[in-house]
Amino acid sequence: MDRIEKLASQKAVVIFSKSTCCMCHAIKRLFYEQGVSPTIHELDEDSRSREMEWELMRLGCSPTVPAVFIGGKFVGSADTVITFQLNGKLKKMLKDAGAIWL
């Protein structure tokens, strides 16, 4: 878990993704449309992807991608992020983490 936690804390928004995953694409798009420039870690392009997926599962991320971290804290997968977007909590989380200013 050390690797995931270290990577997740390096920027305000970090997304663990797979380049072929349509839900990952949708979540990345959601953040870009909010004016956020997240750090993206494409697991299918990383030599340690299996180890990282295992760490994400141990954190409670199921499915393992997309896994979203805001302010270094695990937020959840696509369903949780979309719920936060719909109820207005996502914008506050992004402001609190310093990912957006307005």
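The values are calculated or read from the model by the stated rules, or taken from the named source; none is laboratory data. Values in this document were obtained by computation on a predicted structure and should not be read as measured data. Neighbour counts run over all protein chains shown; Cβ positions are idealised from the backbone, glycine included. To get the accessible areas, we keep the full protein, side chains included, count just its heavy atoms, and leave off ligands, DNA and RNA. Shrake-Rupley method; radii C 1.70, N 1.55, O 1.52, S 1.80 Å.
Report relative contact order for the stretch 1-85 in percent, whole number only (criteria: Cα-Cα under 8 Å, sequence separation at least 6).
38 percent
To the nearest 0.05, what FRET efficiency results for R58 and T80 with a Förster distance of 22 Å applied to their C-beta separation? Walk me through the intermediate numbers first.
Working: r = 17 Å, r/R0 = 0.78.
For R0 = 22 Å, the calculated efficiency reads 0.80.
Count the lysine pairs in the chain whose Cα atoms lie under 22 Å apart, taking only pairs 8 or more positions apart in sequence or on different chains.
Eligible lysine pairs with Cα atoms under 22 Å apart amount to 21.
Under the rule that a partner needs its Cβ under 4.7 Å from the first Cβ, which Cys of the chain have none?
Cys with no partner Cβ under 4.7 Å: C22, C61.
Would you mind working out the accessible area per residue for the stretch 45-102, using a 1.4 Å probe, and quoting it in Å²? Walk me through the numbers on the way to the answer.
Details: 3580 Å² over 58 residues.
Roughly 62 Å² per residue, with all protein chains present.
In square nanometres, what is the average projected area of the Cα convex hull of the chain?
Spelled out: convex hull of the Cα atoms, projected over all directions, averaged, 5.7 nm².
Can you show me the helix-derived [θ] at 222 nm for the chain, built from DSSP H runs with n ≥ 4 at -39,500 (n - 2.57) apiece and divided by the number of residues, rounded to the nearest 500.
About -13500 deg cm²/dmol.
Take each of the peptides 16-22, 2-8, average the number of other beta-carbon atoms within 10 Å over its residues, and list them starting from the highest. Provide the component values of the computation, followed by the final result.
Numbers: 16-22: 17.4, 2-8: 15.1.
Top of the packing list down: 16-22, 2-8.
Starting from 0 in steps of 5 Å, tell me what percent of the Cα-Cα pairs of the stretch 47-102 lands in each bin.
4, 20, 24, 21, 15, 9, 5, 1
Can you tell me the relative contact order of the stretch 5-53? Whole percent, Cα pairs under 8 Å, sequence separation 6 or more.
40 percent
As a test, work out the antiparallel percent of DSSP beta bridges whose residues both lie in the chain, rounded to the nearest 5.
Bridges in the chain are about 65 percent antiparallel.
Could you sort H25, H41 by their accessible area in this structure, using a 1.4 Å probe and putting the largest first?
Per-residue accessible area, sorted high to low, gives H25, H41.
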